[in-house]
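Heads up, the thing below is written out as structure tokens.
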Amino acid sequence: MRVKMILPALTEATSPFFRPIKYSLFPPLGLATLAAYLPPDTEVTIVDEHVQRLSLDEDPPPDLVAIQVYITSARRSYEIADHYRARGSCVVLGGLHVTSLPSEAARHADVLFLGPGEQTWPQFLREFDLGAWRRSKALPRQRYESTDARTLVGLPPVRRDLIQRHLYLVPNSIVVSRGCPHHCDFCYKDAFFEGGKSFYTQTVDAALAEIDRLPGRHLYFLDDHLFGNRRFAEPLFAGMVGMGRVWQAAGTVDSVLAPGLLERAVDAGLRSLFVGFESVNGDNLAAQRKRQNVGRDYAAVVRRLHDVGVMVNASFVFGMDGDGPDVFDRTVAWAVEQGIETATFHIMTPYPGTGLYARMEAQDRIVHRDWDLYDTRHVVFRPLGMTPGQLEDGYWRAYRDFYRWGNIARGAWTKPVLRDRLRHLAYAGGWKKFEPLWDLLIRSRQVLYALPVLESILASFGARKPTPAAPEPTALRTQVERAGAAPILRIEAAPPRGTTQAQRAATPAA
Ligand code: B12
Ligand code: SF4
């Protein structure tokens, strides 16, 4: 059987003029995971349109075309699906957007997969009869839904041999869990994992074996919340000590404050953490059910990470119902003052299937459903505290301001040691000030050559001795941070749910 697996790209990622580095960071791990279930005699290719040209006219066409659909690439995915269906291939669609809107996707697919694929995909492969399909387009079923039997135990090794490593800056991306223990209203998580477990991990031994199979030194854990299960994370980190890895990951503010775990991660090689702060306004957090953030001392989170030598990639969302036009400057000023190295800003985006989307729809605040623009850079709903124009302008201004050389230097100079200041300058400047250079590396297919630079910047962080663990989060004082003279951050305890209608769209590691 000839199988083609495709990760379609949104238009921006294939532009002939300029390609942001973020689309050349990570290989299509989901598809490589699924490829591992194919029988050994299968002829299989994986095409990632973010980094490769997708040819659609091979002759004969593939027997089976499997497409991963994200919201921003849904339009393109459906185009490709329609094309291959017209050519007679069996087209199967899966992924987050298909799970959110199966009735939309069904118009473009022979078979749909809802939820994670580790159980349903092998089941389909057992049931699919290529002869019957060729003869009469017969299929055992048209929809496979992942429900209660979810597990990562016995996961076959990811087919990394199908990934073109040299096309990515971070070929060693890895996920050792699925989902997250939290339930933020704006997040895709609850909708995607509906009907079964929404947070589960590999066995520690299997995760360590997967790490061991990866060449080189650098790793990027794409798990939504690597620290989410302490009974898994602790032995994992212990097992990684001595492996000589430097790695990046995502974690929540409460897990950073939890005593002991962060230090273990640092001992195992953690050097940079993506943290979903989301908002400097406590009302927003409560309204979004971002309970793990409410009442936390954000400045202590940053300090604690810096004290153990971990760089911070802080994620913020603009446009929640408690946000007014001042939110952009307040957020940037706070982040710069804390010495945060990199920040990711988003415009709140209601993804179909989320609690946020349901509320916005009920309030008739969704202005269009052009999924191409659901990319967290466009306003697709009516904000309460400002106009859509103010929200979009403020979002871009926040990026510009945070990454001004003056602010990068100001952030770097919050660090007491010259070496740390220089690293801050190198890391923050490297990401945002050399976009044309990244573009050149991407086009000349040399992007992997920049990895040693990233590794050495990361490796020299964390050289300091870990500080003692922070006190229990509950004992931490809520406090007012200051940016210049103006108080900018006060995270309050959660008011009762539903008192405001806020929300947004976070990308835990995107
Ligand atoms: C890495 C990543 C990226 C990378 C690359 C994506 C890639 N190479 O796959 C980059 C940086 C390019 C990226 C960009 C963006 N991302 Co992103 N990203 C992720 C991240 C962190 C990990 C993806 C991953 O590898 N998961 C691990 C693998 C194993 O899981 P998986 O890919 O989901 O695959 C499984 C299932 O979905 C299913 N499945 C998937 N496809 C198929 C197909 C078939 C046939 C079957 C049977 C099953 C199946 O089975 C797989 C195994 O279980 C996710 C968060 C997350 N935890 O998933 C966000 C996430 C996917 N990103 C998101 C967003 C919003 C974006 C951006 C729009 C953000 C932005 N502002 O720029 C852009 C645009 C994306 C695009 N190209 O259209 C959202 C998507 C929301 C949605 N409803 O679609 C997520 C969920 C983050 C979030 N919490 O909001 N992203
Ligand atoms: S936003 Fe982050 S912490 Fe909240 S449910 Fe989603 S992955 Fe978990």
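The values are calculated or read from the model by the stated rules, or taken from the named source; none is laboratory data. Source: prediction; values computed, not measured. Positions of Cβ are backbone-derived with ideal geometry, glycine not excepted, and every protein chain shown enters the neighbour counts. Remember, those area values only see protein heavy atoms, side chains included, never the ligands or the DNA or RNA. Shrake-Rupley method; radii C 1.70, N 1.55, O 1.52, S 1.80 Å.
Under unit Cβ charges (Lys, Arg +1; Asp, Glu -1), what dipole magnitude, rounded to 20 debye, does the stretch 37-155 have relative to its Cα centre? Please list the in-between numbers first.
Details: 13 positive and 17 negative charges, 74 e Å.
That gives a dipole near 360 debye.
Over the stretch 359-400, what lengths in whole Å, largest first, do the semi-axes of the equivalent ellipsoid take, defined as the square roots of 5 times the eigenvalues of the alpha-carbon gyration tensor?
Rounded to whole Å, the semi-axes are 19, 13, 7.
Would you mind pulling out the separation of the Cα centroids of the stretch 104-170 and the stretch 278-309, in Å?
Measuring centre to centre over Cα atoms gives 38 Å.
Grab the Cα-Cα distance for ASP372 and MET243, subtract it from 0.36 nm times how many residues apart they are, and report the gain in nm with one decimal.
Fully extending the segment from ASP372 to MET243 adds 42.3 nm.
As a test question: what accessible area, to the nearest 10 Å², does CYS180 have when a 1.4 Å probe is rolled over all protein chains in place?
The accessible area of CYS180 comes to roughly 20 Å².
By residue number, which cysteines of the chain lack any other Cys whose Cβ falls under 4.7 Å from their Cβ?
CYS90, CYS180
Per the helix-only calculation at 222 nm, which mean residue ellipticity applies to the chain, given -39500 (n - 2.57) for every DSSP H run of n ≥ 4 and division by its residues, nearest 500 deg cm²/dmol?
Numbers: 20 runs with 175 residues, N = 510.
Here the helix-only value at 222 nm equals -9500 deg cm²/dmol.
What's the tally of Lys pairs in the chain whose alpha-carbon atoms lie under 15 angstrom apart, where the two lysines are 8 or more places apart or on different chains?
Here the count comes out as 4.
With a 1.4 Å probe and all protein chains kept in place, how do LYS137, LYS290 rank by accessible area, largest first?
LYS137, LYS290
Hey, got the dipole for the chain? About the Cα centre, +1 on K and R Cβ, -1 on D and E Cβ, debye to the nearest 20?
840 debye
Under Stokes-Einstein, with the Kirkwood radius over Cα pairs standing in for Rh, what whole-number D in µm²/s applies to the chain at 4 °C and 1.567 mPa s?
For the chosen part, D equals 55 µm²/s.
Tell me, in nm to one decimal, what length is gained between ARG410 and SER15 on full extension, where the rule is 0.36 nm per residue of separation less the Cα-Cα distance?
Stretched fully, the ARG410-SER15 segment lengthens by 138.8 nm.
When the Cα atoms of the stretch 1-138 are enclosed in a convex hull and the volume is divided per residue, what value in Å³ results?
For the stretch 1-138, the hull spanned by Cα atoms encloses 108 Å³ per residue.
With all protein chains present, calculate the accessible area of ASP129 using a 1.4 Å probe and round the result to the nearest 10 Å².
About 80 Å², rounded to the nearest 10.
For the charge dipole of the chain, defined by +1 on Lys and Arg C-beta atoms and -1 on Asp and Glu C-beta atoms about the Cα centroid, which residue among LEU10, TRP405, ALA238 has the Cα displaced farthest towards the positive pole?
TRP405
Assigning unit charges at the beta carbon (Lys, Arg +1; Asp, Glu -1) and nothing else, what dipole magnitude in debye, to the nearest 20, does the stretch 275-417 show about its Cα centre?
360 debye
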